[in-house]
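The structure appears below as structure tokens.
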Amino acid sequence: MAATVKYDEVETGQKIPAVEYRVRRVDLVRYAGASGDFNPIHWNERHAKAVGLPDVIAHGMYTMAQGSRFVTDWAGDPGAVVEYGVRFSSMVVVPDDDNGATITISGVVEDKREDKRVVVTLTARSGDSRVLSKARAVVQLS
Amino acid sequence: MPLNRDFVGRTYESPAPYEVSRVKIGEFATAIGDANPIYHDRRAAVAAGHPDVVAPPTFPIVFSLFGTGDALADPDLGLNFAMVVHGEQRFEYERPIHAGDELVWTSTVEEIRSVGRNEFLTLRSDVSTTSGEPVCRTYNIIVERGGAA
């Protein structure tokens, strides 16, 4: 297992270009099934509104998974991620239409550590909101 | 209602080993929209140096909370599920999870604290193989909105 990104070719402060990830209601239904998280706020508008939410919202773990996808697509190997954490700072509201919501993720190489490891911080936005904070991954480069 | 601090330090064992299958990894990867062949194709995973298809980094969420449901539902804890949101999540990996792993874990209520009007509960799960090889640690912070008010 090895990342395709080489440690020596990465600079602190280097930006990783933004990628947009679409999330529609059907994606949340599929994620509910695969993850086992059937909380109705993630698929039932009536229930979501009854508990004070604006509409159905995405699973935080769905957004977090897009963040790790962003990192592993950059690094080239899922096995290269040695640590990954986020804080869920805002909701991703997913309307019942064909477009759904968009999560835009970008990254910065914040630090180069020993053992060819780097710290990547992520910014994740949906609409006007920053949906993750303190989002960072430690990645083993080659 | 504030959460019962007596729960801090309590541990819970996984109910039974979780068998990681290629099918489940593929299903999870498809659900997050990730077509990386290392998740879907054993040959691609082996070519990349893995023993079998590996699981996406957030895959441990599928199993790591099993065994703690009873603890969180214990009326003595005082958790109002209707007000619970996911606050933070963190994973530390010793190695990637791959198909064929049989995993067990111990979950610990690591901390309960109040922040403003909310109650924060940190649950740590130490995941290893049935033969005792450490695989990962997960940290799950749930927030009970208004619990500390």
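Inside the range A:25-48, residues that are at pLDDT 95 or above, more than 8 Å from chain B (Cβ to nearest Cβ), surrounded by fewer than 18 Cβ atoms within 10 Å (Cβ to Cβ) and out of contact with any Asp or Glu (no Cβ under 7 Å at 6 or more places or on another chain) make up a count of 4.
Does the range A:1-49 hold any residues that are free of Cβ contacts under 8 Å to residues at least 40 places away in the same chain and of a type in the set (Gly, Ala, Ser), and which are they? Break it down stepwise before answering.
Residues of the range A:1-49 that are free of Cβ contacts under 8 Å to residues at least 40 places away in the same chain, as a first pass: A:8-9, A:26, A:29-44, A:46-49.
Answer for the range A:1-49, where residues must be free of Cβ contacts under 8 Å to residues at least 40 places away in the same chain and of a type in the set (Gly, Ala, Ser): A:Ala32, A:Gly33, A:Ala34, A:Ser35, A:Gly36, A:Ala48.
Screening the range B:26-49 for residues that are modelled with pLDDT of 95 or more and part of a loop (DSSP other than H, G, I, E, B) and picking the one that is farthest from the other protein chains (Cβ to nearest Cβ) gives B:Asp41.
One residue alone among B:Phe91, B:Phe66, B:Phe81 is among the aromatic types (Phe, Trp, Tyr), at the interface with chain A (Cβ under 7 Å from one of its Cβ atoms) and free of Cβ contacts under 8 Å to residues at least 60 places away in the same chain, and that residue is B:Phe91. If only one of A:Pro95, A:Pro78 is of a type outside the set (A, V, I, L, M), more than 19 Å from B:Gly87 (Cα to Cα) and at the interface with another protein chain (Cβ under 9 Å from one of its Cβ atoms), which one is it? Among A:Pro95, A:Pro78, only A:Pro78 is of a type outside the set (A, V, I, L, M), more than 19 Å from B:Gly87 (Cα to Cα) and at the interface with another protein chain (Cβ under 9 Å from one of its Cβ atoms). Scanning the range A:50-98 for residues that are more than 15 Å from A:Arg125 (Cα to Cα), of a type in the set (Gly, Ala, Ser) and out of contact with any strand residue (DSSP E or B) (no Cβ under 7 Å at 6 or more places or on another chain) gives A:Ala50, A:Gly52, A:Gly76.
Restrict the check to the range B:63-72 and report whether at least one residue is in contact with a Pro (Cβ under 8 Å, 6 or more places away or on another chain), under 25 Å from A:Met91 (Cβ atoms) and either of a type in the set (A, V, I, L, M, F, W, C) or assigned to a helix (DSSP H, G or I) (or both). The answer is no, given that none of the residues of the range B:63-72 is in contact with a Pro (Cβ under 8 Å, 6 or more places away or on another chain), under 25 Å from A:Met91 (Cβ atoms) and either of a type in the set (A, V, I, L, M, F, W, C) or assigned to a helix (DSSP H, G or I) (or both).
The values are calculated or read from the model by the stated rules, or taken from the named source; none is laboratory data. What you are looking at is a predicted structure, and each value in this text was computed from that prediction instead of being measured. Positions of Cβ are backbone-derived with ideal geometry, glycine not excepted, and every protein chain shown enters the neighbour counts.
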